[in-house]
1. What is the set of long-range amide H partners of Arg175 at a cut-off below 5 Å, with H atoms built 1.01 Å from backbone N?
2. In whole Hz, what ³J(HN,Hα) sequence does region 27-39 give by Karplus (6.51, -1.76, 1.60; θ = phi - 60°), x for Gly and Pro?
3. Residue by residue through region 74-85, which ³J(HN,Hα) values in whole Hz follow from phi under the Karplus form 6.51 cos²θ - 1.76 cosθ + 1.60 (θ = phi - 60°), with glycine and proline marked x?
4. Antiparallel DSSP bridges in region 13-124: what percent, to the nearest 5?
5. Just how large is the dipole of the chain about the Cα centre, in debye to the nearest 20, putting +1 at every Lys and Arg Cβ and -1 at every Asp and Glu Cβ?
6. Show the residues, 5+ positions off or on another chain, whose built amide H is closer than 5 Å to the amide H of Asn126.
7. Taking only Cα atoms and a 10 Å spring cutoff, compute GNM fluctuations for the chain and point out the largest among Asn227, Asn66, Asn217.
8. So which lysines pass the test for Lys151, namely a Cα distance under 21 Å, with those fewer than 8 places away in the same chain ruled out?
Amino acid sequence: MVSGCFSTGAFAANCATVTFTPSNPSIANWNPINGLAQETGFTIRVTPVAASTRSARLIFLDTDTNTLPLKIQDSGPRYDIINTATGETLSFPRSALVTSSTVQTLQFPKARTPANLSLRLRLQANQNPVEDYEGGRTYSETLRYAVQCFKTNGDTNGIDQDVISTLTLTYTTPRLAQFNTAGPVNLDFRNFTATSQTARINMRSTSRIAMSAVTSNGGRMVRRGSNASASENAVIPYSIIFNGRQLVPGQRLNGLERAGIAGANLPLVLQLDGIPSGKLAGSYTDTIILTIEPEP
C-alpha cells in the first residue's frame, strides 16, 4: 500500500520518522560566475515505527519539479542530495516512487533504534547550460521525502510516500562583478592618424556595476622622458568612454547595466579631442587601471 501526506493535519508515519540537522542547509559561497560546484553537509535521523523494521530505503522529492535537472525553487541552482558514504544521489523528481528506487537501504541494529545518515547538498556547476542569476535574489524550497521500511526477511513493512519535510534548501545569489581582458591591453594611436582607439572588455556580473579608473598621468599621454609637469607640447589629453559613458579618472561611474552571467564584450574607448599638432616628437604613454565592483 502507498500512503501520502500532503499539507493538512499532522503526519502519522507508517514507516519511519525523519529529522534533519541542520534543517536549512545553504551554500553562501556558490559563485554562479566561476561555474564550480559547491557542497555542504547535513545529517538525518531515521527512526522506524514498527519494532519489526530492520532496514529502510529513503529518497528526497523535489517540491515542484517532475523532470531532471532539479532546481531550488523553479529557477534556482541545480542541486543534488548525495549520500556521503556511498556517493549515491538521493534526490529525485516529485513523481518518483520510493518503491521503484534502487538506492541502498539504512540498517537498524535494534527495534525502533534510530539510524543516522550523513548527506551532502551539492549545487552543481553553472555549466552546460550556463544560467543567469541576479544578485540579491533568494531561492528557497522545502523538500519532500519518501521512505520504505523492510522486515528482516525483506518484506515491505510500511511506506511513507511524498511526505513534506522540514528540510529547506536556501540560496541567495551574491552580488558579483568581474572583467577579463586576457592580459594587459595596449591601445596604440601609432602616428595619431585616428582620434580614437577601442578595446573590448569582457564583463560578467550578477548586479549593476560601478567602475572607477586611475591613470599614471591623470588622463594624459605624456612624452616619454618628460616629468609630471611637462609642458603643453609634451602632453596629449584624452577621454575614457566605457560602453558609451564617460569615465573620469578619480571619479566613480555608477549604474552600469548588469552584464549577466554569460557576459558581454563592452567597448572601452580612448578618445582624443582631435589630431594632435604642435607636439614634440616622441612616444606618448599613459597607464590606466580600472576597478569594478557590484552595486546593490
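1. The list, which skips near neighbours in sequence, is Gly136.
2. With coefficients 6.51, -1.76 and 1.60, one gets 10, 6, 9, 5, 10, x, 7, 7, x, 8, 6, 9, 9 Hz.
3. After applying 6.51 cos²θ - 1.76 cosθ + 1.60, I find 9, 9, x, x, 6, 9, 9, 9, 10, 6, 4, 6 Hz.
4. 90 percent
5. Charge dipole, the chain, about its Cα centre: 440 debye, nearest 20.
6. Answer set, sorted by chain and number: Gly35, Leu36.
7. In this elastic network of the chain, the residue with the biggest mean-square fluctuation among Asn227, Asn66, Asn217 is Asn227.
8. Qualifying lysines at Cα under 21 Å: Lys110.
No lab work stands behind these numbers, since they all come straight from the coordinates. Model, not experiment: these values are computed from the prediction. FYI the Cβ positions are ideal-geometry reconstructions off the backbone, even for glycines, and counts take in every protein chain you see.
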